[in-house]
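What follows is a set of notes on a single structure, which appears directly below.
The values are calculated or read from the model by the stated rules, or taken from the named source; none is laboratory data. Please read all numbers here as calculations on a predicted model, not as lab measurements. Cβ: placed from backbone, ideal geometry, glycine included. Neighbour counts: every protein chain shown. For the accessible areas, the whole protein counts, side chains as well, though only heavy atoms, and no ligand, DNA or RNA atoms are used. Shrake-Rupley method; radii C 1.70, N 1.55, O 1.52, S 1.80 Å.
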Amino acid sequence: MIDHPAMPWPGLPPVADDARIASAAALRDSLRTRRTCRSFSDAPVPRAIIEAAIEAAGTAPSGANHQPWHFVVVGSAALKAEIRAAAEQEEKAFYEGKAGDEWLTALAPLGTDADKSYLEVAPWLIVIFGQRRGGIEPGDDVQNYYVNESVGIATGFLLAALHSANIATLTHTPNPMRFLNRVCRRPASEKPVMIVVAGHAAADATVPLHALRKKPLGQITSWL
């Protein structure tokens, strides 16, 4: 076995089981109130909130602890407009038939279309990239592992952290999205995964009733 530096497990505060259950239930109830927002106001959101949320995302577990993610935070009005224009070009083709009937039928209850004006209105866009190569040290160029899984977990942490700060969010995945490498000045070796739109909901924002349907515990769990 290879010897490696280690520290004692830091432990967690000793609490009774009923307190643990209450804590888990409180987080569950909070996350149950999160809704995808498709209508944002241009009201500002302090940069410190975005920084703290990304730092939370950066604590996520990852393959070999390589942390194969990069977050590009876009606040520039010009760059947001450029991202919107490129995304809507792809979305127009998507909704005009590229997606296929089955996919469009699945999206119909949500009322989505090629209009992505929120990309320009919301104060922040967080563009998330997965890194196929990298490592933990600056300048490393080694293979990263379980990139999709690691980035997915980090994105979940990011959404939870933003929600805890009462920030509305939306996950947007234009397809294809290679234009994001150019706009965000990221190398071709990185794969754009999604855009997280972050801001305050517009006064007239609504939520499709279809989005309220969540599978119950018995449908998403097996106990063996």
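Observations
- Using alpha carbons only, the radius of gyration of the range 1-80 set against its Kirkwood radius gives Rg/Rh = 1.08.
- Prolate/oblate/rounded label for the range 66-142 (Cα gyration tensor, a/c 1.5): oblate
- The value obtained for the range 1-140, namely the Cα convex hull volume divided by the number of residues, is 244 Å³ per residue.
- FRET E, pair residue 24, residue 77, Förster distance 35 Å, beta-carbon r, rounded to 0.05: 0.25
- Kirkwood Rh (inverse of mean 1/r, distinct Cα pairs), the range 41-111, angstrom: 15.9 Å
- With the simple model of a label 7 Å out from the Cα in the direction of the Cβ, residue 165 to residue 203 spans 2.5 nm.
- Gyration tensor (alpha-carbon) shape descriptor, the range 125-193, a/c threshold 1.5: oblate
- In this structure residue 73 has an accessible area near 60 Å², from a 1.4 Å probe over the protein heavy atoms.
- Gain on full stretching of the segment that runs from residue 33 to residue 210 - 0.36 nm per residue minus C-alpha separation: 62.3 nm
- Alpha-carbon centroids, the range 79-119 and the range 173-187: separation in whole Å: 16 Å
- Simple label model, 7 Å out from Cα along Cβ direction - residue 85 to residue 115, nm: 2.0 nm
- Given a 1.4 Å probe and the protein chains as shown, residue 105 ends up with an accessible area of around 100 Å².
- Ellipsoid semi-axes in whole angstrom, largest first, where each is sqrt(5λ) of the Cα gyration tensor of the range 168-220: 30, 18, 9
- Rounded accessible area of residue 207 (nearest 10 Å², 1.4 Å probe): 60 Å²
- Dipole of the chain [Lys/Arg +1, Asp/Glu -1 at C-beta], most positive-end residue of 142, 21, 68: 21
- Label-point gap, in nm, between residue 99 and residue 220 - each point 7 angstrom along Cα→Cβ: 2.2 nm
- Helix-only mean residue ellipticity at 222 nm for the chain, each DSSP H run of n ≥ 4 adding -39500 (n - 2.57), per residue, nearest 500: -11000 deg cm²/dmol
- Dipole magnitude for the chain: computed about the Cα centre from +1 point charges on Lys and Arg Cβ and -1 point charges on Asp and Glu Cβ, it is near 220 debye.
- Overall form of the range 57-206 per C-alpha gyration tensor (a/c, 1.5; a/b vs b/c): prolate
- ³J(HN,Hα) computed for each position of the range 121-135 - Karplus, 6.51 cos²θ - 1.76 cosθ + 1.60, integer Hz, glycine/proline x: 7, 4, x, 9, 10, 10, 8, 9, 10, x, 10, 5, 10, x, x
- Amide H partners (placed H, <5 Å) of residue 144, local residues excluded: 133, 134
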